[in-house]
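What follows is a set of notes on a single structure, which appears directly below.
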Amino acid sequence: MEQTLNDLVCELRQQNNGETRRPNVNSTNQASLTERFMKLQPPTFVGAPKIMQDTITNKQITSPTTAAATLRLFFHDCFIEGCDASVLVSSTPFNKAERDADINLSLPGDGFDVVVRAKTAFELACPGTVSCADILAVATRDLVTMMGGPYYNVKLGRKDGFVSRASSVEGNLPRPTMSMTHLIKIFAFRGFTLQEMVALSGAHTIGFSHCKEFSANIYNYSRNSQYDPTYNPRYAEGLRNACADYHKNPTLSVFNDLMTPNKFDNMYFQNLPKGLGLLSSDHALYLDGRTRPYVEMYAANQNAFFEAFARAMEKLSLYSVKTGRRGEIRHRCDAINN
């Protein structure tokens, strides 16, 4: 990152004077694969919790971007066809799958990899018992908690979906350039309230975004300004320097949360009033009168954010799940069974 961004981070951390300390949350030791999911029979064989915990811990240590990658992957999965691991399916000569839709091409490989690793371990230990959908749901929760975020219940028994089409994706996932009204409609269509939408947006407290996602905001923005004036000026200059070569190197990226990028906390919301949001949709959350009260509430109270995020994630994890004959337990997460 450019020195200008580093200087700004140091100054703002001093101003915060330790306010970013994480409160006590439930331990990841509470995570298990033994919780009942309605009338379904979740996998309960001995060793399942250890397989899951060992897999995600080893992956996160090796690749620190895994938590954010998995959280984003889970969101993209659930919003299309429900939480059924349809985003994990690979395309074939006869079908272009969800993961190859334009908006999903930037999904980091670490999210896919942690699910594949866990699935492989489960299939070796007890074949045909644990669905890819359940693995993705539990891995997301455990990784969020590992990063300092709240623990929440994940009920089990999901089946993996039979359908994965790229054509189902466009227009059904939020994009940073969408208007706030459009974003609200996308969430409302799936039964999420305004407050739940803002809470889920707090997932941007970890992870990164590619420069191309916000380049229009920081280069040649208007006749009067090189960058969107809603950005903190020094932050905008730092972004311009960090992304200077993004045309030549499309993999260039910047942390979503400038201040504590590797910690799940409420700093994302504290950043927004200071002009330190990265994406257009981040700025819009604070600028729009419908969402601003929730931004201010979560910025002032991390416990309130954690509680709201946990409830929203529990709700999301149950969205349009497949059960019974509506799904299957795949042998491999990237292919529907024959």
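The values are calculated or read from the model by the stated rules, or taken from the named source; none is laboratory data. Values in this document were obtained by computation on a predicted structure and should not be read as measured data. Just so you know, the surface numbers come from the protein's heavy atoms only, side chains and all, with ligands and any DNA or RNA stripped out. Shrake-Rupley method; radii C 1.70, N 1.55, O 1.52, S 1.80 Å.
Kirkwood Rh, the range 47-171, all Cα pairs: how many Å? Display every interim value, and only then the final one.
On the way: mean 1/r = 0.0683 Å⁻¹.
Hydrodynamic radius (Kirkwood, Cα only) of the range 47-171 equals 14.6 Å.
Ratio of Rg to Rh for the chain, alpha carbon only, Kirkwood? Please report the intermediate quantities before stating the final value.
Details: Rg = 19.9 Å, Rh = 20.6 Å.
Value, to two decimals: 0.97.
Quick check for you: with a 1.4 Å probe and neighbouring chains kept, what is the accessible area per residue of the chain, in Å²?
Roughly 45 Å² per residue, with all protein chains present.
For the chain: lysine pairs with Cα atoms under 12 Å, gap of 8 or more or different chains, count?
Details: Lys39/Lys155; Lys155/Lys315; Lys159/Lys322; Lys212/Lys248.
Summing the qualifying lysine pairs gives 4.
Roughly to the nearest percent, how much of the accessible area of the range 112-263 is carbon and sulfur, given a 1.4 Å probe?
Values: 3290 of 6280 Å².
With neighbouring chains kept in place, the figure for the range 112-263 is 52 percent.
How would Arg158, Arg292, Arg311 rank on accessible area, largest to smallest, probe 1.4 Å? Intermediate values should be presented prior to the final figure.
Working: Arg158 5, Arg292 85, Arg311 140 Å².
Heavy-atom accessible area, descending, gives Arg311, Arg292, Arg158.
Report, in degrees rounded to the nearest 10, the 0 to 90 angle that the Cα long axis of helix 66-79 makes with the longest principal axis of the chain.
The two axes meet at around 70 degrees.
If you average the sequence gap of Cα pairs under 8 Å that are 6 or more apart and divide by the length of the chain, what percent do you get for the contact order?
Numbers: 537 pairs, mean separation 84.8, N = 338.
Dividing the mean separation by the residue count of the chain yields 25 percent.
Along each principal axis of its Cα atoms, how long is the range 180-316 end to end? Whole angstroms, biggest number first, please.
Cα spread of the range 180-316 along its principal axes, largest to smallest: 41, 30, 25 Å.
How would Arg99, Arg165, Arg223 rank on accessible area, largest to smallest, probe 1.4 Å?
Listed by decreasing accessible area, they come as Arg223, Arg165, Arg99.
From the mean inverse distance of alpha carbon pairs (Kirkwood) and the Cα radius of gyration, derive Rg over Rh for the range 273-320. Intermediate values should be presented prior to the final figure.
On the way: Rg = 12.5 Å, Rh = 11.9 Å.
When Rh is taken as the Kirkwood radius, the ratio is 1.04.
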